[in-house]
Amino acid sequence: MRILLVEDDNKLGKIIKSTLEEEGHEVTLCRCLKEAQKAIKADLEKFGAVITDIQIPIFRGHHHTDAYGLEIVGMVLINDEGLTPKHLYVHSSETKADGEDIKEKLKEAYPTAVFSLKDWDNAVTAQKVLDFVALQEQLSGE
């Protein structure tokens, strides 16, 4: 499966990417909102899944405090071309953004998105992502 991974934490991004690639997936890693927007606009249809952090910067190296990952969720699920990846997994170390509960906001606006808290152990978060992708593949028969 081709996967778009949006994660600004270098260590976690590398761990998730290598974990997925070891299982035979092709992973495009983006470190900020602008990189992810380019990848989505270039060819959203090629991605079978999108894995995104909520707390990501607009530009690489830019400090972030807002939930820019929600913009990626919106781009993926609401787009003019009607091209929607089959699977969307959202993770964060935060449960609140702009005073709102992220999980509830996602559930209301994007019921097909799956939300998970990042674990303090990067390998555990990577395994959660891998388990999610494997389950989606089983369910869709890919």
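Taking 0.36 nm per intervening residue step and subtracting the Cα-Cα distance, what contour gain separates Gln127 from Ser140 on full extension?
Computed gain between Gln127 and Ser140 is 2.7 nm.
In terms of modelled amide H atoms, which long-range or inter-chain residues lie less than 5 Å from the amide H of Leu88?
For Leu88, whose amide H was placed from the backbone, the distant partners under 5 Å are Val50, Val114.
By a straight-distance test (C-alpha under 16 Å), which aspartates and glutamates pair with Lys105 as possible cross-link partners, with residues fewer than eight away in the same chain excluded?
Asp53, Asp66, Glu71, Glu94
Once a ≥ b ≥ c are taken as the square roots of the eigenvalues of the Cα gyration tensor of the chain, is the result rounded (a/c under 1.5), prolate (a/b larger than b/c) or oblate (a/b not larger than b/c)?
rounded
Residue by residue through the range 40-54, what is 3J(HN,Hα) from phi via Karplus (6.51 cos²θ - 1.76 cosθ + 1.60, θ = phi - 60°)? Round to whole Hz and write x for glycine and proline.
5, 5, 5, 5, 4, 4, 6, 8, x, 8, 10, 10, 9, 7, 7
For the chain, what does -39500 (n - 2.57) per DSSP helix run (n ≥ 4), summed and divided by total residues, give at 222 nm, in deg cm²/dmol to the nearest 500?
About -13000 deg cm²/dmol.
Take the residue pairs Lys107/Lys128; Lys17/Lys38; Lys14/Lys96 and return only those whose Cα atoms are more than 22 Å apart.
Cα-Cα > 22 Å for Lys14/Lys96; rest within.
Please turn the phi angles of the range 124-140 into ³J(HN,Hα) values with the Karplus equation 6.51 cos²θ - 1.76 cosθ + 1.60 (θ = phi - 60°), one per residue in order, whole Hz, x for glycine and proline.
Using θ = phi - 60°, the values come out as 5, 4, 4, 5, 4, 5, 4, 4, 4, 4, 4, 5, 5, 4, 4, 5, 9 Hz.
Laboratory data are not the source of any read-out in this text; all were calculated from the coordinates shown. None of the values given here were measured: they were computed from a predicted structure.
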